[in-house]
Amino acid sequence: AHYYMEPSRTFSEFLLIPNLTLKSSTPANVSLKTPITKFKKGEEPAISLNIPFSSAVMQSVSDHNMATALARCGGISFIFGSQSIEDQAAMVRKVKEYKAGFVVSRSNLKPEQTLQDVLDLKEENGHSTVAITEDGTSTGKLLGIVTSRDYRLSRDALDKPIHSFMTPFSSLIYGKAGMSLPEANDLIWDNKLNCLPIVDEQQYLQHLVFRKDYDSDKENPLGLLDENKSYIVGAGINTKDYLERVPALVAAGVDVLVIDSSDGYSEWQYETVKWVKQNFDVKIGAGNVVDREGFLYLVESGADFVKVGIGGGSICITREQKGIGRGQASAIIEVAEARQQYYEETGIYVPICSDGGIVHDYHITLALAMGADFVMMGRYFARFDESPTKKLKVGNNFVKEFWGEGSNRARNWQRYDTGGKSGLVFEEGVDSYVPYAGTLKENLDKTISKIKSTMCNCGSLSIEELQRTARITLVSATSLVEGGAHDVMLKDSTMSGE
Ligand code: MZP
């Protein structure tokens, strides 16, 4: 056997050491733009993200709702593949056909229709926003807007007839005629609405005109949609049914595929990537690997990016069940080094994705500093309104369900297949709850603020600069104690008598 004498390490064992912060190093100047597909030196990647976030290829995380919500924020979801080809392709299609808004005439709404009916209509049509205008045209007098935010309303509110919300305007339907231009702009930006405020001479909102009314980008000063005027979306595939699954996903408009497997260093992955590259003009990532050899093997097969991580996922028991895996930080550090060497030798940059094991927001910054171009997270996204699972009350807390692809609940045996018969013989994942945390955007904004703030401490205005200049230290077990609140009595626990 070959022995790696260095212990494999995880993110919590490292900290960043600040570099000189220039006066120009402010969060507003930090860009989190990042490539996700390979590119030649001096050229632009075919696909990049505005934020380095992807949501995991999991039943309990990435459906079409999560995908549209995350794409609106600048990231990407990989829609889970452990479902029928038709269902997965339908989810992809929903994201690609997603329209920024549509208009419902107030007079078309029947008095008995409820807000839930309008939301259902919106959902069925794959729209982010419903504008309710007096005459049903996009230039008609605006009466209100319903966005997905309203999903947080109580059941009571959802069941009330829609007309009861219409006059006067309530907080449920906002964007009322007469609001000032700055207010209207805030509304548009906060909700990522693809529309243009039409204001009167006093700069008060008269109408919101929706994107579909515009023929060219020039006419839309907001320019909110990604280039092909649809949201970007990824999808997971496996090495078993790719001959049928890939054509269906490509026909549905998928932008990028990823082979979803707990161990990607295999001939099956090599053949799958090769076949996809020979037959389709679609980007494809492969993985997961945890070392230089696995990375180079998948790059040689033609992979556009490589996913890194075995056994670090929050719901994962692969290391306990099979004794394979590697501390996530060590895996990223080694693969990033191999990527850098490959880049220097060939002039081809292959992005890497750190998948699984992100517990604190700062772990994301560390993963990026260590060389990851983007991260993939399951637990993080599972906590939000937009994830596909049920929200429940357990004790005094709200939770969301979250289960692993290798659990009996998901039975995604293709992800763990090592040849032989089909079926999940033993579990590699658990079924769990995660604390409910609210909306994706609210949480993502906070996480992004933390990352940008840390990058300012490190004097880096881009991920590339962070990767090049970051200084990272190992922490001892004792200094970990120093990093939290210590030697004080926390007021919360004192008050509750704990
Ligand atoms: P986390 O963000 O929840 O820590 O980890 C999510 C990652 O765990 C996924 O992207 C995937 O790579 C991995 N995963 C998903 N299901 C299982 C399992 O059942 C698993 N073992 O390990």
Open item on the list: Please compare each pair in Lys38/Lys274; Lys41/Lys441; Lys94/Lys390; Lys33/Lys96; Lys94/Lys391 to a cut-off of 25 Å on the Cα-Cα distance and tell me which ones are over it.
Closed with: Lys41/Lys441
TODO: Provide the packing ranking of 458-467, 369-378, 289-298, i.e. peptides ordered by the mean count of other C-beta atoms within 10 Å per residue, highest first.
DONE: 369-378, 289-298, 458-467
Task: Order by protection proxy (mean Cβ within 10 Å, highest first), peptides 336-342, 69-75 - done: 69-75, 336-342
TODO: Take each of the peptides 300-312, 269-281, 11-23, average the number of other beta-carbon atoms within 10 Å over its residues, and list them starting from the highest.
DONE: 300-312, 269-281, 11-23
Open item on the list: What are the ³J(HN,Hα) couplings of the range 242-257, residue after residue, when phi is run through the Karplus curve with 6.51, -1.76, 1.60 and θ = phi - 60°? Round to Hz, x for glycine and proline.
Closed with: 5, 4, 9, 5, 4, x, 5, 5, 5, 5, 7, x, 4, 8, 8, 9
TODO: Just rank Trp403, Trp413, fewest to most, by other beta-carbon atoms within 10 angstrom.
DONE: Trp413, Trp403
TODO: Using θ = phi - 60° and the Karplus relation 6.51 cos²θ - 1.76 cosθ + 1.60, list the HN-Hα couplings for the range 395-410 in order, rounded to whole Hz, with x at every Gly or Pro.
DONE: x, 9, 10, 8, 9, 10, 6, 8, 10, x, 5, x, 8, 4, 5, 8
TODO: List, in order, the whole-Hz ³J(HN,Hα) value for each residue of the range 370-386 obtained from phi through the Karplus relation with A = 6.51, B = -1.76, C = 1.60 and θ = phi - 60°; use x for Gly and Pro.
DONE: 7, x, 5, 8, 7, 10, 10, 9, x, 3, 3, 7, 4, 6, 9, 3, 6
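Throughout, read-outs are computed from the coordinates displayed, never taken from laboratory work. Keep in mind that what you see is a predicted model, and the values were worked out from it rather than measured. FYI the Cβ positions are ideal-geometry reconstructions off the backbone, even for glycines, and counts take in every protein chain you see.
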